[in-house]
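The values are calculated or read from the model by the stated rules, or taken from the named source; none is laboratory data. From a predicted model like this one, the values you see are computed outputs, not experimental measurements. Because the Cβ atoms are built from the backbone with ideal geometry, glycine has one as well, and the counts that use them run over all protein chains shown. Side chains are part of the model used for accessible areas, which takes the heavy atoms of the whole protein and leaves out ligands, DNA and RNA. Shrake-Rupley method; radii C 1.70, N 1.55, O 1.52, S 1.80 Å.
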Amino acid sequence: MAAPGDGAGLEPAPEGSPALLLMAGGGEGEGEAEEIVEVVDLEPPGPDDLADEMEDVDLDEEQGAWEADEEDEGVEEGMEAQDDSEITFSKHTASVFCVSLDPKTNTLAVTGGEDDKAFVWRLSDGEVLFECSGHKDSVTCTGFSHDSTFVATGDMSGLIKVWKVDTKEEIWSFEVGDLEWMEWHPQSHVLLAGTADGNSWMWKIPSGECKTFQGPNCPATCGRILPDGKRAVVGYEDGTVRIWDLKQGSPLHVLKGQDGHQGPLTCVASNKDGNLILTGSVDCHAKLVNSVTGKVVSVFKAESIPKPSVGEAEETESNSVESLGFCSVMPLAAVGYLDGTLAIYDFATQTLRHKCQHESGIVQLLWEESAPVVYTCSLDGTVSLWDARSGKLISEYRGHSAEILDFALNKDASIVVTTSGDHQAKVFCVQRPDR
């Protein structure tokens, strides 16, 4: 992989490149690209990474899945469905809404679902360590504390439970209003959550010592504790954003009117040092905010992309920002939209660098920690890896028969864990020829 500052990677992807997305490599023209898609494992390797990956004998499994599709299509039920995953977790009996990995060892996952259940399980073999029982509504929020000592689960009705991982015992629970989001503090055993009544709650665990941050009289739709651990950014349904001082319990900055959004907030993110914040909304705008001054630095707007009319007019109308995040190694930010657009912005120059089009809406995106690579999961059940410097697709992983609802990435970006409307969670091993 080129070094982050390498100018060679800055060229935009060629116009026709989406035609090569189906793990095809190196075709010159569109007709040729189609041929490669037909006989992907018989073509001589092309110059790009994917082709190298396909021909590498060590990465046999992926190739085998494609060959099986070619040879046995329709022979056995479900044989035509490609599954690139290593492990499938099937203990949920309804849609699986959320997943988090334990930060200390990256060996455990916690998933929550529409079946009112949450499980802590091992990534290596899918074995359940313990069930987080006692929820009475869909479990929509899960997460491990920074040191993996505790795991928290929260359901839609507002019941939050905390479990000690090594003893598998519930050590604390609390009931708030309808739960919108929940997050652990990055350095201590403190839990923050936002509710539909506009409040944000903060608890010390396990003592339960509590503080509330009163927002406007509407749901606190998303929130994030900033890396300094002293402030949090919270977005609200009325389009306002507040940066809270967690110790004082008071807002340091309130962004509203022109500085806020013209619709409910959907997501917030911060860069590594917490000086910059990105906010996203159903108004299709992403705003870059200086967290110290509370000033809007830049507004990134979705240019509406004409889509072929296939009776999806309503979907185009209801475009929104679904997920966003900062690159750790370059001054880049990614914004994922419901219409399937992944926009890569250079926030140093405040310009659009690349537009990467997906077949269907983006649910969430995550940046790799040590490389300019964006991972996306989408409504068609696909996980995609994009090179943010070139805007090109690196690889795609499939396996779910319904939309992906959440996903998580381990520290060295070798494993992706997904949850889906097909009642399953899956573990994918990410193979990258460039490392």
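The table below lists the values:
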{"read-out": "Enumeration of residues in region 78-109 that are more than 17 Å from the chain's Cα centre (by Cα) and not in a loop (DSSP other than H, G, I, E, B)", "value": "I87, T88, F89, L108"}
{"read-out": "Residue in region 117-139 that is part of a strand (DSSP E or B), touching a residue at least 12 places away in the same chain (Cβ under 8 Å), polar (S, T, N, Q) and crowded, with 17+ Cβ neighbours inside 10 Å present", "value": "no"}
{"read-out": "Output for region 88-116, where each listed residue is open to solvent by 30 Å² or more (accessible area, probe 1.4 Å), within 17 Å of L159 (Cα to Cα) and among the charged types (D, E, K, R)", "value": "E114, D116"}
{"read-out": "Residue check, S298 assigned to a loop (DSSP other than H, G, I, E, B), surrounded by fewer than 21 Cβ atoms within 10 Å (Cβ to Cβ) and modelled with pLDDT under 95", "value": "no"}
{"read-out": "Residues (exposed (fewer than 14 other Cβ atoms within 10 Å of the Cβ) and either within 23 Å of the chain's Cα centre (by Cα) or not small (G, A, S) (or both)) located in region 237-251", "value": "K247, Q248"}
{"read-out": "Hits in region 413-429 (condition: outside any strand (DSSP E or B), in contact (Cβ under 8 Å) with a residue 40 or more places away in the chain and open to solvent by 10 Å² or more (accessible area, probe 1.4 Å))", "value": "G421, D422, H423, Q424"}
{"read-out": "Residues within region 327-355 that are outside any loop (DSSP other than H, G, I, E, B), open to solvent by less than 20 Å² (accessible area, probe 1.4 Å) and touching a residue at least 40 places away in the same chain (Cβ under 8 Å), tallied", "value": "11"}
{"read-out": "Strands (runs of 3 or more DSSP E) within region 181-232 that include 2 or more residues more than 20 Å from the chain's Cα centre (by Cα)", "value": "190-195, 199-204, 210-214"}
{"read-out": "Hits in region 256-286 (condition: touching a Phe, Trp or Tyr at 6+ places or on another chain (Cβ under 8 Å), open to solvent by less than 60 Å² (accessible area, probe 1.4 Å) and farther than 19 Å from W181 by Cβ)", "value": "N271, L276, C284, H285"}
{"read-out": "Neighbours by Cβ (under 6 Å, 6+ apart or cross-chain): first from region 400-412, closer than 14 Å to A94 by Cα; second among the hydrophobic types (A, V, I, L, M, F, W, C)", "value": "E403/L379; I404/V363; I404/C377; L405/F97"}
{"read-out": "Set S360, S390: member being part of a loop (DSSP other than H, G, I, E, B) and either open to solvent by less than 10 Å² (accessible area, probe 1.4 Å) or more than 22 Å from F97 (Cβ to Cβ) (or both)", "value": "S390"}
